[in-house]
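Worksheet: the structure to be examined is printed underneath.
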Amino acid sequence: MKKENLHQPFEISFNEHNESLLTEHEHTFFELVYILTGTGIQWINNNMFPYHDGHLFLITPNDSHSFEIHTTTKFINIKFNDIYIHSAIFGSENIQRLEFILQHANHQPGCILRNKVDKLLVKPMIEAIIREYVNRNLYSKEIITQLINTIIIVVARNIAMFLPQQVDECSDDKSLDILQYIQANIYQTGKIRAKEISQHFGISESYLGRYIKKHTNETMQQYILSYKLKLVESRLLHSQMRISEIAEELGFTDESHLSKFFKKYKGCSPSSFRKSNNMLETDVSCYLPKKEIPDNQTLSGIFLNYSFDFQ
């Protein structure tokens, strides 16, 4: 599978496509993809999600993704890597927490903006970025950088809303490291046993259990099961994977084991859950009403597959 690299800390590109980008690929960097106009399907880690204008997607390092385009789509792609996150822009005290929050979105399909207020906040910032780039006025570069930084923080806030109750900006660095390790290795059951995790971080198993409980208000096993349950739901809603394939991917003994686990926590079987939810239902809650950008004729010409960076 093709793997893309980013050779500068930060890059923005504007692209228009009328043919599907079906070649799956991975990144070594983070990417925010904003849909200015158009419709289609986003594929990510074997999950599918219908997109339309106003959707914002976060692609994290090593996510496998592509786009199936139904109508001509204008994308704005914002790429950044760890070097950018570790710059002074976000403040040294926030870097590790920001990194953890962004990584927490890994494996998740769909629009990253879940807070209604933030959905209304992001679109005018995207439009302002386009205008600043086209006009190239004094301090345009600095203004664009500040707007992008604000969007990244807004994205982090939307992810943080769905972190475990006790994990927030006040959680210390080691607890975030441990949770990030669990998420990164969620498909490898052998690596997320208490013995393996305690050895990896150089702490005792008993201390590990108390530490996780203190910072997440869940036992480690509860946290792992809750995270797996979320991934199972995601696969059922946004992929065509068979239940047996989901079971194998997430380390369940077999389909029966997964079904019992799912029914215990959700009150219904995986197949019933899938049938009761329309996999291709549009996420209208993430829809932003159409609003013409001033001087639209001037702006329409910029979607020609190019990019610029902020080195």
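For region 18-35, a residue qualifies if it is buried (at least 21 other Cβ atoms within 10 Å of the Cβ) and touching a Ser or Thr at 6+ places or on another chain (Cβ under 8 Å), and the qualifying residues are 30, 35. If you go through region 44-66 and keep only what is surrounded by 22 or more Cβ atoms within 10 Å (Cβ to Cβ) and either within 20 Å of residue 130 (Cβ to Cβ) or of a type in the set (A, V, I, L, M) (or both), you end up with 44, 51, 54, 55, 56, 57, 58, 59. Answer yes if at least one residue in region 285-292 is among the polar types (S, T, N, Q) and modelled with pLDDT under 50, and no otherwise. Within region 285-292 (the criterion being among the polar types (S, T, N, Q) and modelled with pLDDT under 50), the answer is yes, since at least one residue qualifies.
Say whether the condition of being at pLDDT 85 or above and touching a Pro at 6+ places or on another chain (Cβ under 8 Å) is met by at least one residue in region 111-127. Looking for residues that are at pLDDT 85 or above and touching a Pro at 6+ places or on another chain (Cβ under 8 Å), one finds none in region 111-127, hence no.
Does region 55-62 contain at least one residue that is within 21 Å of residue 113 (Cβ to Cβ), at pLDDT below 90 and not hydrophobic (A, V, I, L, M, F, W, C)? The answer is yes; a qualifying residue exists. If the condition is being without any contact (Cβ under 8 Å) to a residue 40 or more places away in the chain and either of a type in the set (Gly, Ala, Ser) or surrounded by 13 or more Cβ atoms within 10 Å (Cβ to Cβ) (or both), then region 133-145 contributes 140, 143. Among the candidates 237, 280, 258, 304, the residue that is buried (at least 17 other Cβ atoms within 10 Å of the Cβ), hydrophobic (A, V, I, L, M, F, W, C) and at pLDDT below 90 is uniquely 237.
Only residues that are surrounded by fewer than 17 Cβ atoms within 10 Å (Cβ to Cβ) and either at pLDDT 85 or above or part of a helix (DSSP H, G or I) (or both) were counted across region 161-181, and they come to 4.
The values are calculated or read from the model by the stated rules, or taken from the named source; none is laboratory data. Computed from a predicted structure; not experimentally measured. We place every Cβ from the backbone using ideal geometry, glycine too, and count neighbours over all the protein chains shown.
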